[in-house]
Amino acid sequence: MFGVVGGVAGAVTGEDRNANACLDCGTSWRAADLYKTLQIIENITDTKLDLAYEEDRNFINDFINEINPYIEKISKAEKNERFVIKKSKDELATYPATFFLYAAIWYLFGFGIYLTLFVMIAAVIGGYAIIVLFISFPFVKKTIDKLKDQEIKKEKASFEIKNRKAIREAVKLKIDAKQDLKYEIENFMDRHS
């Protein structure tokens, strides 16, 4: 009867000390873990069990077997949520370096085009090219900065939207898991009134 409780207790505590054993099947469990399980059942179902009665022992056994997968689902959803939030924070920490690199690429690309055009203009107009270079440089720099800033803003917005969406999905999974548990407990209580 307490096989699942014993397994949960061993997994949670990692200890076998101070264990009780069933004289019929040999399954062992810790009294403290059984007490915690009874408290959880009482809190969730508003049912106080007396293990002196066989129907109460069957109730706890059924509860553990039927409800445990839903509790594990919540635990997995919470772990996933923590992972997604941590990943988002880690990505946000690397964010400035990523966009610094992005800005550098924009400058290289923009000024590369500018210098290419300058060489072409110099070939056509000769010595006046230096004057054109000095006159046009502030305008070209301003245009490149504007284009760079627009691209960085778009990239930043896309990055933030992706992270928010991942966090929302993780939170939704956790909420759905809690709803599934609530629904299953209601069904369980209907079957074990």
Any residue at all in the range 106-115 that is modelled with pLDDT of 70 or more and among the β-branched types (Val, Ile, Thr)?
-> yes
For the range 173-183, what are the residues that are out of contact with any Asp or Glu (no Cβ under 7 Å at 6 or more places or on another chain) and either buried (at least 16 other Cβ atoms within 10 Å of the Cβ) or in contact (Cβ under 8 Å) with a residue 40 or more places away in the chain (or both)?
-> Leu173, Asp176, Ala177, Lys178, Asp180, Leu181
Check off (1) open to solvent by less than 40 Å² (accessible area, probe 1.4 Å); (2) more than 30 Å from Arg168 (Cα to Cα) for Ala52 and give me the number that stays unchecked.
-> (1)
Considering the range 69-87 alone, what residues qualify as being exposed (fewer than 14 other Cβ atoms within 10 Å of the Cβ) and farther than 19 Å from Ala166 by Cβ?
-> Pro69, Glu72, Ser75
Scan of the range 56-94 for residues that are touching a helix residue (DSSP H, G or I) at 6+ places or on another chain (Cβ under 7 Å), of a type outside the set (S, T, N, Q), modelled with pLDDT of 85 or more and within 30 Å of Ser158 (Cα to Cα), ordered by number | Ile74, Ala77, Glu78, Glu81, Val84, Ile85
Could we say that Ala170 is open to solvent by less than 70 Å² (accessible area, probe 1.4 Å), modelled with pLDDT of 80 or more and touching a Ser or Thr at 6+ places or on another chain (Cβ under 9 Å) here?
-> no
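The values are calculated or read from the model by the stated rules, or taken from the named source; none is laboratory data. Quick caveat, the model's predicted, so the values are computed rather than measured. Don't worry about glycine lacking a Cβ; one is built from the backbone with ideal geometry, like all the others, and counts go over all protein chains shown. Quick note on the areas: whole protein, heavy atoms, side chains included, nothing else; ligands and nucleic acids left out. Shrake-Rupley method; radii C 1.70, N 1.55, O 1.52, S 1.80 Å.
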